1. Any residue that is of a type in the set (Lys, Arg), on the phi < 0 side of the Ramachandran plot, modelled with pLDDT of 95 or more and more than 13 Å from the ligand (Cβ to nearest atom) - is there at least one of those in region 6-22?
2. Given the criterion of a type in the set (Lys, Arg) and touching a helix residue (DSSP H, G or I) at 6+ places or on another chain (Cβ under 8 Å), identify the matching residue among Lys34, Lys17.
3. Within region 1-60, take every residue that is open to solvent by 100 Å² or more (accessible area, probe 1.4 Å) and in contact with a His (Cβ under 8 Å, 6 or more places away or on another chain) and give me the one that is farthest from Phe99 (Cα to Cα).
4. Looking at Ala91, Ala108 in this structure, which one is touching a Ser or Thr at 6+ places or on another chain (Cβ under 8 Å) and open to solvent by less than 20 Å² (accessible area, probe 1.4 Å)?
5. Out of curiosity, is Glu114 open to solvent by 40 Å² or more (accessible area, probe 1.4 Å), under 16 Å from Ile142 (Cα atoms) and acidic (Asp, Glu)?
6. Can you name the condition, by its number, that Asp144 falls short on among (1) away from the ligand (no atom under 13 Å from the Cβ); (2) part of a helix (DSSP H, G or I); (3) open to solvent by less than 40 Å² (accessible area, probe 1.4 Å)?
Amino acid sequence: MADKNVNVNSDFDELVKNIEEEIVEEAREIYTEKTLEEAYNPKNVGELKNPGGAARVTGPCGDTVQIHLEVGGDKITDSKFITDGCGASIACGSVVTEFAKGKTVEEASKLTAEHILAILGGLPEDNIHCAALATDTLKAAIGDYRAKKLC
Ligand code: FES
């Protein structure tokens, strides 16, 4: 009986491994290596304790991206994001926050979805809005920072 359980477990592990390999293989046909790298190993995931600027934006797909900024002088010294969205939105959040760090607020405010798409080597048509959602959220966080500065 115990031997039968060992076989069932090892068959199940093999099945899971095969399914995982198929999923990764399918993703490689759709997304660039850079997108997969950023989606599976995203940078700057999380929240800041007292962000100088913060925004949460929901895109046309219903997914949400939140970005926090820490600003020192006129430079963005730290940036974090979280999202409940797709893998492409994770990749875009990672690239957008990485881009923002070390830039002046003015420089970061000029970042566009096209810039993110160029960094990622493109996204499928259905995911183009994910890049726009990430850059719109960055711009909204910068807007929040500027509004707080005026107070
Ligand atoms: Fe909604 Fe990517 S953010 S599909």
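1. There is no residue in region 6-22 that is of a type in the set (Lys, Arg), on the phi < 0 side of the Ramachandran plot, modelled with pLDDT of 95 or more and more than 13 Å from the ligand (Cβ to nearest atom).
2. Working: Lys17 fails: touching a helix residue (DSSP H, G or I) at 6+ places or on another chain (Cβ under 8 Å).
None of the others qualify; the one that does is Lys34.
3. Pro60
4. Of the residues listed, the single one that is touching a Ser or Thr at 6+ places or on another chain (Cβ under 8 Å) and open to solvent by less than 20 Å² (accessible area, probe 1.4 Å) is Ala91.
5. no
6. (3)
The values are calculated or read from the model by the stated rules, or taken from the named source; none is laboratory data. Keep in mind it's a predicted model, so treat the numbers as computed, not measured. Virtual Cβ from ideal backbone geometry, glycine too; neighbours counted across all protein chains shown. With ligands, DNA and RNA removed, areas are computed over all heavy atoms of the protein, side chains included. Shrake-Rupley method; radii C 1.70, N 1.55, O 1.52, S 1.80 Å.
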